[in-house]
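The values are calculated or read from the model by the stated rules, or taken from the named source; none is laboratory data. Keep in mind the model is a prediction, meaning the values are calculated, not measured. As a convention, Cβ positions derive from the backbone with ideal geometry for all residues, glycine included, and neighbour counts pool all protein chains shown.
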Amino acid sequence: MFRGLVRSALRFTTSPVWTRIKRIALFFAGAAILGIAWQLTVAGLLGKLFPGEGSAAISKLNTVILSRDWRALIDIVVVGPVIEEFIFRYALFKVLNFPRLGVWPTIVLSALPFGLVHLHIGPLTATFATLTGLIHGYVYATTKDIWCAVGTHSGINVAALGITAFTLAHSA
């Protein structure tokens with residue numbers, strides 16, 4: 001009985017499904033770690049270009065964190081990245097005929113509308129979203145796996161929430 005369970009577990013850990021799960025988790029973890037440095041650096045530079053604009057995005061994140069609205073957190077970390085990556089990477093790469101147009105034009109043309117969708121928060125957020133859209137597009141173009149792009153997107157969103165929560169906790 002126990003040997004059978006061990007064999008099944010060993011077979012699963014070498015299966016393509018498990019390999020894909022590990023790959024997505026690696027993209028998520030890497031994006032969360034690199035996302036912190038990315039956000040601190042880029043947000044700082046963009047904050048100088050758009051003074052005061054970051055407050056709208058930060059106040060929205062502060063509201064979500066302080067209210068402990070789990071549905072909003074799930075939207076930011078799971079639902080939003082899945083929907084946005086399927087629209088802006090998966091669908092747009094198909095519509096733009098990715099192999100014919102080329103890698104970088106497709107990545108840029110999928111990142112621009114991604115940034116525009118975030119314009120309602122402010123120009124700082126839209127610029128930042130466009131730049132991160134380039135990262136998500138690159139991940140999708142190189143891996144050909146939409147779930148790796150979703151993992152990267154989720155990781156960067158977790159980094160944004162983490163930085164905001166850390167700032168909130170230390171500003172009081």
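Among the residues of segment 59-97, the ones that are at pLDDT 80 or above and hydroxyl-bearing (Ser, Thr, Tyr) come to 1 in all. Being out of contact with any Asp or Glu (no Cβ under 9 Å at 6 or more places or on another chain), at pLDDT below 90 and surrounded by fewer than 23 Cβ atoms within 10 Å (Cβ to Cβ) is true of residue 164. Residue-level analysis places residue 135 among those that are among the hydrophobic types (A, V, I, L, M, F, W, C), buried (at least 17 other Cβ atoms within 10 Å of the Cβ), at pLDDT 80 or above and over 15 Å from residue 87 (Cα atoms).
Yes/no per residue for (1) aliphatic (A, V, I, L, M); (2) more than 29 Å from residue 17 (Cβ to Cβ):
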{"site": "70", "(1), (2)": "no, no"}
{"site": "96", "(1), (2)": "yes, yes"}
{"site": "112", "(1), (2)": "yes, yes"}
{"site": "134", "(1), (2)": "yes, yes"}
{"site": "140", "(1), (2)": "no, no"}
{"site": "146", "(1), (2)": "yes, no"}
{"site": "159", "(1), (2)": "yes, no"}
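The numbered conditions (1) of a type in the set (A, V, I, L, M, F, W, C); (2) under 18 Å from residue 76 (Cβ atoms); (3) modelled with pLDDT under 85 are all true for residue 119 except (3). When we screen 89, 100 for residues that are among the basic types (Lys, Arg), surrounded by fewer than 18 Cβ atoms within 10 Å (Cβ to Cβ) and either free of Cβ contacts under 8 Å to residues at least 40 places away in the same chain or in a helix (DSSP H, G or I) (or both), the only hit is 100. The residues of segment 145-161 that are buried (at least 20 other Cβ atoms within 10 Å of the Cβ) and either modelled with pLDDT under 80 or out of contact with any helix residue (DSSP H, G or I) (no Cβ under 9 Å at 6 or more places or on another chain) (or both) amount to a single one, 160.
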